[in-house]
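Here the structure comes first, spelled out in structure tokens, and everything after it is commentary.
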């Protein structure tokens, strides 16, 4: 089995993501993600039989066609948390309104339709285009994280989106490592 997801990678924005992460200082309990691996997840697929990959790629190509989305620019900025400011498990940068959010949502919906038709689990929450920049392991630095999210509004930068990727996540002691299995052009 391979642990898979569908993403739009933040190629070329690692330094900008790293700069945003530094705004949180050394908040206790906050584990930063690797800025080189930053991405917007369109769909988490989970453990997948490698024999399904060819069919999955075909369905992702159809999803791109279904979405009607052409290459576009997205602007990333602002901060948010999941699931709430009182209980933080994920810290993220968002996709700014009107600058790629509609296109990413259309891609997500088309991928969701095609993959659930294949038997993958449906999402149980609304889609919010974002890139995870940190995870909270414990609430030690929660107040610093809350203050930063409430007062900071970073502009991460612009991203030219020309493809979606089928990505494998390999869990290791030092965190997940991602490998692109297939790129599907818009």
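The values are calculated or read from the model by the stated rules, or taken from the named source; none is laboratory data. Quantities reported herein were computed from a predicted structural model and do not represent experimental measurements. All Cβ positions, even for glycine, are placed from backbone atoms using ideal geometry, and neighbour counts span all protein chains on display.
For the stretch 67-78, indicate whether the set of residues that are more than 28 Å from residue 14 (Cβ to Cβ) and modelled with pLDDT of 95 or more is non-empty. There is at least one residue in the stretch 67-78 that is more than 28 Å from residue 14 (Cβ to Cβ) and modelled with pLDDT of 95 or more. Among the residues of the stretch 47-55, is any in contact with a helix residue (DSSP H, G or I) (Cβ under 6 Å, 6 or more places away or on another chain) and either surrounded by 19 or more Cβ atoms within 10 Å (Cβ to Cβ) or without any contact (Cβ under 8 Å) to a residue 40 or more places away in the chain (or both)? No, every residue in the stretch 47-55 fails to be in contact with a helix residue (DSSP H, G or I) (Cβ under 6 Å, 6 or more places away or on another chain) and either surrounded by 19 or more Cβ atoms within 10 Å (Cβ to Cβ) or without any contact (Cβ under 8 Å) to a residue 40 or more places away in the chain (or both).
Among all positions in the stretch 94-101, there is no residue which is within 24 Å of residue 176 (Cα to Cα), out of contact with any strand residue (DSSP E or B) (no Cβ under 9 Å at 6 or more places or on another chain) and free of Cβ contacts under 8 Å to residues at least 40 places away in the same chain.
Of the residues making up the stretch 136-159, those that are more than 15 Å from residue 20 (Cβ to Cβ) and part of a strand (DSSP E or B) number 1. Quick one: is residue 90 surrounded by fewer than 18 Cβ atoms within 10 Å (Cβ to Cβ), at pLDDT 95 or above and part of a strand (DSSP E or B)? Yes: the conditions hold for residue 90.
Selection of the stretch 22-31 for residues being surrounded by fewer than 18 Cβ atoms within 10 Å (Cβ to Cβ) and in contact with a helix residue (DSSP H, G or I) (Cβ under 9 Å, 6 or more places away or on another chain) yields 23, 25, 26, 28, 29. Criterion applied to 123, 109, 173 was being closer than 18 Å to residue 60 by Cα, at pLDDT below 95 and surrounded by fewer than 18 Cβ atoms within 10 Å (Cβ to Cβ), and the one residue passing it is 123.
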